[in-house]
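J.: Here it is: the structure, laid out below.
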Ligand SMILES: [Zn+2]
């Protein structure tokens, strides 16, 4: 979390809550978070699509070097998640470093992302958690 | 034509007794010796952390008056971690266009005034603050993801990747401007506390303050240290999640391609590149095609990029890893270091008979990339 203002947090709420991404009408590729134009081909013809909520962990980092507002929950697990149609960077939750491995299945859950003591801003959105084997 | 006719560097360290203006003024005075304000057309200041940590706006003007150059045109350039080389690029454009014949570039940033936990918050702003930056990516979170992906994709073990910091520390030992001037073994890198696992503390740069200055002139080849032949750049994807292959720094590949289309680059003898983290140094070597993909770490471990190795000497200064990375100043240090190498006057590890040099600057994981080509005038 980087000290976003209350309006900035509010503006991003829909795509963060529902994993809404941009889909390019020209090249067909999907990007998240949604942009003003396609980051691949530059086209401004975009549609909104909801991303799948199940994915695979491509890689991850266990982050100890977090800002003060996140110190109590350090280390934070940060992952690159492949949702098939697109990849996203997200936090991996409900798991410790020992529960994590590359290639594992993860699913989106709604969580509080950060609580900035200084600005009082609460940010909610999607994180991913490991899918329990049946 | 643009020539580097003067350089100076402040040793990277925790300068608790000096503010941003003081560091910048000291570097400027040394680079310019006794020049009068009239002899200077422009001051281009590069600083990034100053803005992120709300210290001073319109910094260039305040540095100008503080340093004795009131009246000189001044502007500040901010491009995250690549600010320094971006400023050098702006200065060269001013010279090439004929708007200026003598430009002072000063890079300055101070990290030691803020507690480490706050510094981590500012560092996350190198990345998209409305994208992955909403999470606690801290210092090295994104690079940590890239490092693990590199190890998995190319089957490279952690120890092989630890030869990079060991080489950087070894190179920095003789550099009087480097912050960390002691040797470490690759094994020591693995034993260090984790920063953003698999990245350890010894894969990243120390938090220091610094300032460096360059005088760039349109003529004056006679007393120049080196010719600044070309500076190129390119913007890249806002996130590694969007790149088809996250292990390619697409912006740097493009900037390098632009550079090689513009100038014929001969055998490069010396390079100062942007190893904010071990993995960034490795990926940059591969983006410049100095090693095959997935092979750069192994090449480093067998001495290919060391002094006396087969390849160009990479980061004889010690790089960001050991010289230090005072954010907006770093790119200016790199150009100063390569200029001194090409003039045979670098006070640290010398690359003998070097005639062609590159410097590389990248913000974050590649939101932009800059590359400069310098040539000896001897
Ligand atoms: Zn497109």
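Only the coordinates and a few stated rules stand behind these numbers; no lab work does. For clarity, every value in this text was computed on a predicted model and none was experimentally measured. Quick reminder, even Gly has a Cβ in these numbers, built from the backbone with ideal geometry, and neighbours come from all protein chains shown.
J.: Determine, for B:266, B:18, the number of other Cβ atoms within 10 Å of each Cβ, and report the residues in order from fewest to most.
T.: In order of increasing Cβ crowding within 10 Å: B:266, B:18.
J.: Using Cα centres only, tell me the gap between the stretch A:76-127 and the stretch B:256-311 in whole Å.
T.: Here the answer is 34 Å between Cα centres.
J.: Could you state the orientation-averaged shadow area of the convex hull built on the Cα atoms of chain B, in nm² to one decimal?
T.: Computed as one quarter of the Cα hull surface, the answer is 16.6 nm².
J.: How high is the relative contact order of the stretch B:33-167, given as a whole-number percent (alpha carbon pairs under 8 Å, six or more residues apart)?
T.: 25 percent
J.: Something else: Given the rule -39500 (n - 2.57) for each run of at least 4 DSSP H residues, summed and divided by the residues of chain A, what is its mean residue ellipticity at 222 nm, to the nearest 500 deg cm²/dmol?
T.: -2000 deg cm²/dmol
J.: What residue among B:16, B:163, B:150 has the largest mean-square fluctuation in a Gaussian network model of chain B, using Cα springs under 10 Å?
T.: In this elastic network of chain B, the residue with the biggest mean-square fluctuation among B:16, B:163, B:150 is B:16.
J.: So if I restrict to the alpha-carbon atoms in the stretch A:9-134, what is the Rg, and what is Dmax, the biggest pairwise distance, in Å?
T.: 15.5, 45
J.: When Rg is the radius of gyration of the Cα atoms in the stretch B:1-145 and Rh is its Kirkwood radius, what does Rg/Rh come to?
T.: Answer for the stretch B:1-145: 1.01.
J.: Report the residues of the stretch A:33-69 in range of a label on residue A:105: point 7 Å along Cα→C-beta, backbone N strictly under 15 Å from it.
T.: A:53-57
J.: For each of A:9, B:129, count neighbouring Cβ atoms within 10 Å of the residue's Cβ, then give the residues from fewest to most.
T.: B:129, A:9
J.: Here is a further query. Using Cα springs under 10 Å in a Gaussian network model of chain A, which residue among A:67, A:75, A:52 shows the largest mean-square fluctuation?
T.: Its mean-square fluctuation being the largest, the pick is A:67.
J.: Along Cα→Cβ, 7 Å out, is where each label goes; now give me the distance between the ones at residue B:159 and residue A:49 in nm to one decimal.
T.: For the pair residue B:159/residue A:49, the computed spacing is 4.6 nm.
J.: I would also like to ask the following. Convex hull over the alpha-carbon atoms of the stretch B:51-110: what's its volume per residue in Å³?
T.: Roughly 83 Å³ of hull volume per residue.
J.: While we're looking at this one, here's another question. Separation of the stretch B:54-128 and the stretch B:349-378 by C-alpha centroid, Å?
T.: 19 Å
J.: What percent does the relative contact order of chain A come to when contacts are Cα pairs within less than 8 Å and at least six residues apart?
T.: Relative contact order here is 23 percent.
J.: A follow-up question, please. Kirkwood Rh over Cα pairs of the protein assembly as shown into Stokes-Einstein at 4 °C, 1.567 mPa s: D in µm²/s?
T.: Here the translational diffusion coefficient equals 56 µm²/s.
J.: When the helices in chain B are scored as -39500 (n - 2.57) per DSSP H run of 4 or longer and the sum is shared across all residues, what 222 nm value do you end up with, to the nearest 500 deg cm²/dmol?
T.: Value at 222 nm, helices only, nearest 500: -9500 deg cm²/dmol.
J.: Which shape class, rounded, prolate or oblate, goes with the stretch B:243-378 when its Cα gyration tensor gives a ≥ b ≥ c as root eigenvalues, a/c under 1.5 marks rounded, and past that a/b bigger than b/c marks prolate?
T.: Because its axes are fairly even, with a/c under 1.5, the stretch B:243-378 counts as rounded.
J.: Among B:73, B:258, what is the fewest-to-most ranking by other Cβ atoms within 10 Å?
T.: B:258, B:73
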